[in-house]
C-alpha cells in the first residue's frame with residue numbers, strides 16, 4: 001500500500017521531484033525495503049535507554065576495550081530500530097571488531113529525521129556524549145550510517161556535526177533537498193542498488209559529484225568491477241581520491257538491489273569507515289597509479305652527484321614500465337624526484353641546455369603551479385614533460401647532469417635510484433645487491449597467516465581476506481603476492497628474545513631491494529623496516545618506500561616531531577599512541593615512524609641511527625623483539641592486488 005505524506009517540509013522539494021517521489025517509500029516507509037538477513041541477535045539483545053526522552057538501542061561487546069569506536073545506524077522514515085537492526089545486524093561485526101552500536105529511533109509521529117534543521121543533529125551529539133560517559137568510547141572514531149531517510153540525514157549531518165563524525169556511510173539516501181555544504185572534507189561511502197524504485201539510482205552520480213567538487217576530488221574514478229560484495233558478486237566499487245585532507249569518496253553500486261538495507265554491506269562499510277578519525281585517515285590515503293615511474297631519487301638516493309654523461313642509459317626497472325629513455329641531448333622541462341607527481345612531494349622543474357641540466361630559468365607556467373626550480377647541478381632520473389604523469393602521455397626518463405663524472409656519494413651509477421645506499425655503511429655480503437640481486441637457496445611458500453623461520457631467519461605472513469601468499473628464502477629474501485586483500489603484510493629478518501636493548505645487541509643494519517609489479521588499489525603502504533620492543537611496548541617503522549602513489553603523511557601519528565637527516569637522508573619522524581592488537585594482546589602501545597622524504601627501491605638502512613634519533617626526541621625504546629624488512633599494503637575498501645618482490649633482504653648486526 002502506497003500512502004502520500006503531508007509533512008510541511010516536503011513542500012519545498014525540488015520541482016523536478018515527481019509525485020511518485022513524494023510517498024513514504026522515498027523515506028524508507030516501514031512496509032517496504034529489504035527483508036532480514038539472518039543473524040543470531042534481535043533488538044531485544046540490545047540495551048534500551050533514553051537520551052533526552054527519546055529511545056536508543058545500544059549494543060556493546062562483552063569484551064569491549066576502552067576508547068573503542070562508536071557506530072550509529074539510522075532507519076528510514078516510519079521505520080524503527082527493530083527494522084534497521086533485523087536487516088543490518090551490526091552487532092555481528094561489533095563483536096569481531098570491538099565497537100559500540102547504537103540504533104536510534106526517529107522523531108515522534110512517523111519516525112522521521114530532521115534533514116534540514118538542527119534538532120536531530122543536536123540529539124545525535126547528545127547520544128555521542130552519553131556513550132562517552134557509559135562506555136568511554138573514542139570520540140574521534142564515531143561513524144554515522146543510515147538507510148533511505150536515515151541516509152539523507154547522514155548527508156545532512158556533514159553540514160552540522162562533521163567535527164563529531166569521522167566518516168559517513170549513507171545507504172539508498174541521497175538527500176532530496178540537495179547536497180549540503182560539508183563543514184570539512186569528509187570520507188563518504190555511498191551504497192545504492194540499481195533497481196531502487198524509490199530513490200532512483202540515476203540520481204546518485206550527480207549527487208555525489210557535488211561532494212567531489214566540494215572536496216576537489218579527481219574527476220575520474222578508480223573503478224573495480226566484479227567487486228565481491230557478500231550477496232552480490234557483480235557489484236562495482238567506484239573510488240575518487242585522494243581528495244582534500246586525504247579523504248576518499250567511494251560508491252558501492254549493487255546490480256539488481258532494490259530499496260533495502262542489508263547486512264551484506266556492513267563489512268564493506270566498516271572497512272572503509274574504520275580507516276578514519278575526525279583528524280583524518282588512520283592509515284593512508286592515496287591510490288596506486290600503476291604507471292608511476294618508481295622511486296627515482298634526487299641524486300641517486302643518498303648521493304648528490306650524477307652521471308655526468310648525457311648519453312647514459314636508463315635503468316631497466318624504468319624502461320620496462322613503458323617509459324622512454326632520453327639518452328642524449330635531453331632537454332628537461334618538468335621533473336619528478338620520486339615518481340609521485342605533486343607539489344607536496346617536493347617536485348621541481350629543471351631547465352637545461354640539452355646536455356647540462358641546470359643554470360636555467362624555469363617557465364612561469366611551471367613555477368606558477370608551485371613547483372620548485374632546480375637552478376643547477378640537477379640529477380634527473382624521472383621526468384614528466386606535460387604535468388600529467390603517465391605512460392600514455394609520452395613521459396620519459398632522462399639521465400644526465402651533475403659534475404662528478406658519474407660517481408654519486410652512495411654508489412657508482414645514477415640508474416634511477418638502484419645503486420646508492422643513502423647511508424654510510426654499505427653492509428655485509430653482496431655489495432652490488434642493487435644490480436645483481438636474486439633469490440637463492442631453499443624456499444618455503446606460505447599461503448595462510450603464519451609466523452615461522454627458515455635457516456634461522458624469522459618471517460611472517462599476515463593478511464585480511466583475499467588470495468594471498470609469500471615465498472621466503474633461506475638467504476632472507478622473500479616475495480609477497482596479494483590479490484583482493486584488505487590488508488596484507490609479509491616480512492623477513494631478525495627475531496630477538498626481548499631481553500636486550502639495541503645498545504646491548506649491537507649496531508643493526510638492513511639491506512633491501514624492491515621490485516614492484518602490477519600494483520593496484522593500494523590506499524596505504526609501508527616498505528622498509530618493521531619491529532617491536534617490549535618494556536616499553538613499541539611498534540616501529542622505518543619507511544623507505546611505499547606501494548601506494550602517495551607518501552605516508554601526517555595521519556600516521558598524533559605527534560609530528562619534524563624532519564631530520566638520518567642515515568644520510570631526510571626523514572619525517574612521527575609518534576603515536578594506539579590501543580589494540582599487539583604482540584602482547586589488546587593493550588596500549590607506542591608507534592614510532594621515520595618516513596623517508598624521497599623513496600628508493602634499493603639501499604642500506606642504518607636502523608640503529610633511527611633508534612638513536614628517536615631517543616634524542618624522548619621516544620624511548622625497549623628490549624628488542626624483532627627487526628625485519630617489511631612489505632605492507634592495504635585498501636580502505638579491500639581489493640589490494642600486486643606483487644612486491646624482495647630479491648635481496650638482509651638484517652644483520654655489526655659490532
Handout entry: Subset of region 93-127 (residues that are touching a residue at least 60 places away in the same chain (Cβ under 8 Å), under 28 Å from residue 271 (Cβ atoms) and surrounded by fewer than 18 Cβ atoms within 10 Å (Cβ to Cβ))
Key = 97
Practice task
Check whether at least one residue in region 244-258 is within 22 Å of the chain's Cα centre (by Cα), in a strand (DSSP E or B), modelled with pLDDT under 95 and over 15 Å from residue 146 (Cα atoms), and report yes or no.
Solution key: no
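Could you tell me which residue of region 564-576 is surrounded by the fewest Cβ atoms within 10 Å (Cβ to Cβ), considering only residues that are farther than 11 Å from residue 613 by Cβ and modelled with pLDDT of 90 or more? Steps first, please.
Within region 564-576, the subset farther than 11 Å from residue 613 by Cβ is 568-570, 572, 574-576.
Subsequent filtering for residues that are modelled with pLDDT of 90 or more retains 570, 572, 574-576.
On the way: 570: 14, 572: 21, 574: 24, 575: 19, 576: 17.
Filtering first and then ranking leaves 570.
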Fill in the blank from the handout: Pairs returned, first residue in region 618-630 that is in the same structural domain as residue 503 (by TED's automatic domain parsing) and touching a residue at least 12 places away in the same chain (Cβ under 8 Å), second residue that is surrounded by fewer than 19 Cβ atoms within 10 Å (Cβ to Cβ) and part of a strand (DSSP E or B), beta-carbon separation under 6 angstrom, 6 or more apart or interchain, are 622/534; 623/501; 623/534; 625/534
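Here's the yes/no breakdown for (1) in a loop (DSSP other than H, G, I, E, B); (2) closer than 16 Å to residue 472 by Cα:
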position	(1), (2)
605	no, no
609	no, no
614	no, no
621	yes, no
626	no, no
629	no, yes
646	no, yes
650	no, yes
653	no, no
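Could you pull out every one of the strands (runs of 3 or more DSSP E) wholly within region 491-562 that has 2 or more residues that are over 23 Å from residue 597 (Cα atoms)? Before the answer, list the steps.
On the way: elements: 507-520, 524-534, 538-545.
In region 491-562, 507-520, 524-534 are the strands (runs of 3 or more DSSP E) which contain 2 or more residues that are over 23 Å from residue 597 (Cα atoms).
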Problem - Failed item, numbered, when residue 529 is tested on (1) modelled with pLDDT of 95 or more; (2) in contact with a helix residue (DSSP H, G or I) (Cβ under 8 Å, 6 or more places away or on another chain); (3) surrounded by fewer than 24 Cβ atoms within 10 Å (Cβ to Cβ) - result: (3)
Handout entry: Restricting region 426-458 to residues that are crowded, with 19+ Cβ neighbours inside 10 Å and under 14 Å from residue 512 (Cβ atoms), the residue that is modelled with the lowest pLDDT
Key = 427
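The values are calculated or read from the model by the stated rules, or taken from the named source; none is laboratory data. Since the model is a prediction, treat every value here as computed from it, not as a measurement. Every residue, glycine among them, receives a Cβ derived from its backbone with ideal geometry; neighbour counts consider all protein chains shown.
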